[in-house]
Amino acid sequence: MKRNTDYKNDALAALKGNWGKAVLATVIYMAIAYIALGPYMFQTFKFQAAMTSAGSSMDAEVLLSQVSTLYGYMGLTYLLLIFLIAPLMVGFTNAHRLLLVQGDREIPTNMYKIATTGYWHKVWGMFLMGVFVFLWSLLFVIPGIIKAFSYAMTPYILEEHPELTANEAIDHSRAMMKGHKFDLFWLYLSFIGWGILCIPTLGIGTFWLIPYMQTAQASFYEDVKADYEVNGGLI
């Protein structure tokens, strides 16, 4: 396995001269995510503010109306997460992999193409992954986090191997990440300094940090995939 420095250097080499399109893809992705999540977040804030101001004096009928509205927004948000954000995440992730591996600079275009090609397969795969992580999280937070790292390569596998079922893609990710979950955690942790530096920019710096992290993660995927194949992996 390579070192974190190697993954980061691979990412910087791939992004050199391509930051503009990488940032554009990130802005598009985050804007769509914000549009999908924003109404529910706003309604939650509004509900909490109403509860704080009214306290125990809130009328039961008004409370029921507020809760019903909140659950309505929650349901809509879940649908958007499943049918919009999940496949777009696969596209966003793999667009950076194509930049790294093939030097394909069309990151925004590739993000859309990958998200919409084999759409239902990717929706189902990401939905199952989310369900599995959620179920493990019910056993306490730590098992859920561990499984999230275990299934982290699923978006790549769904794209590279559309012939696999969603369950098979998740299983391959789990096998691929065996013994490497902490390696990925350590890679994420190595970006914490850059994350702190984004704070004075009012978050604007994250538009550069996210593609940097995504491309480094793509390098990590290529590394663990090669290790998996050497050790008898099926892909």
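Just so you know, all these numbers are worked out from the coordinates, no wet-lab data involved. Remember, predicted model here, so these are calculated numbers, not experimental data. Using ideal geometry, Cβ is built from the backbone for each residue, glycine included, and neighbour counts are taken over all protein chains shown.
Quick notes on this one:
- Radius of gyration and maximum dimension Dmax of the chain, Cα, Å: 19.8, 66
- Applying 1/(1 + (r/R0)^6) with r as the Cβ-Cβ distance of I82 and E106 and R0 = 25 angstrom yields a FRET efficiency of 0.40.
- Hits among lysines - C-alpha to C-alpha of K8 under 23 Å, sequence gap 8 or more where chains match: K16, K21, K178, K181, K225
- Relative contact order of segment 62-198, defined on C-alpha pairs under 8 angstrom at six or more residues apart (%): 20 percent
- Cβ-based net charge around V101, under 11 Å, with every Lys or Arg adding one and every Asp or Glu removing one: -2
- Divide the volume of the convex hull around the Cα atoms of segment 142-196 by the residue count and you get 89 Å³ per residue.
- Separation of segment 64-108 and segment 116-193, taken as the distance between their Cα centroids, equals 15 angstrom.
- Overall form of segment 166-207 per C-alpha gyration tensor (a/c, 1.5; a/b vs b/c): oblate
- Surrounding net charge for G118, when Lys and Arg each add one and Asp and Glu each subtract one, Cβ distance under 12 Å: -1
- Stretch gain in nm, segment A175-K46, where the contour uses 0.36 nm per residue and the Cα spacing is subtracted: 42.1 nm
- Counting only aspartates and glutamates at least 8 places from K122 when in the same chain, those with an alpha carbon closer than 14 Å to its own are E159, E160, E163, E168.
- The chain: angle of helix 119-137 to the longest principal axis, Cα-based, in degrees nearest 10: 70 degrees
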